[in-house]
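Okay, so here's the structure we're looking at.
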Amino acid sequence: MKFELFKRVARCEDLPQHSLRKDDVATVIDYHPASDEDGYGLEVFNAVGDTIAVLTVAASQIEPLLPDEVLHVRALEETAR
């Protein structure tokens with residue numbers, strides 16, 4: 001599946017090095033075609049719109065958001081609250 005630029009997607013797995021979890025929402029900001037598996041540049045924002053991570057992932061590590069899903073808020077680090 002090819003993802004459109006500037007669309008929101010969900011992560012399919014945890015990325016502990018960025019404090020990101022499966023199902024965190026990110027915005028597609030770049031497309032990296034490859035012969036084996038395409039990649040995407042993602043920008044992850046906090047709840048007030050500040051960038052908290054910019055990363056590149058394989059296409060298999062993201063999935064589209066669906067109309068029957070609800071966004072959820074969580075603390076970036078468990079000790080933050």
Practice prompt. Hey, could you check segment 14-28 for residues that are exposed (fewer than 14 other Cβ atoms within 10 Å of the Cβ) and of a type outside the set (S, T, N, Q) and say which is farthest from Glu69 (Cα to Cα)?
Written response: Pro16
Discussion item. Of the residues Glu69, Glu4, Glu37, Glu77, only one is loosely packed, with under 14 Cβ neighbours inside 10 Å and touching a helix residue (DSSP H, G or I) at 6+ places or on another chain (Cβ under 7 Å); which?
Written reply: Glu37
Discussion item. Where the second residue is surrounded by 10 or more Cβ atoms within 10 Å (Cβ to Cβ) and modelled with pLDDT under 95 and the first is β-branched (Val, Ile, Thr) and lies in segment 59-75, which pairs have Cβ atoms under 6 Å and are six or more apart or on separate chains?
Written reply: Val73/Ala47
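Applying the selection to segment 40-49, what residues are crowded, with 16+ Cβ neighbours inside 10 Å and of a type outside the set (Ser, Thr, Tyr)?
Those that are crowded, with 16+ Cβ neighbours inside 10 Å and of a type outside the set (Ser, Thr, Tyr): Gly41, Leu42, Val44.
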Worksheet item: From Tyr31, Tyr40, which residue is closer than 11 Å to Ile62 by Cβ and either at pLDDT 95 or above or part of a loop (DSSP other than H, G, I, E, B) (or both)?
Response: Tyr40
Worksheet item: Can you pull out the residues in segment 53-62 that are surrounded by 15 or more Cβ atoms within 10 Å (Cβ to Cβ) and assigned to a strand (DSSP E or B)?
Response: Ala53, Leu55, Val57, Ile62
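The values are calculated or read from the model by the stated rules, or taken from the named source; none is laboratory data. Just so it is clear, the structure is predicted and the values come from calculations on it, not from any experiment. For neighbour counting, all protein chains shown are included, and Cβ atoms are generated from backbone atoms with ideal geometry for every residue, glycine included.
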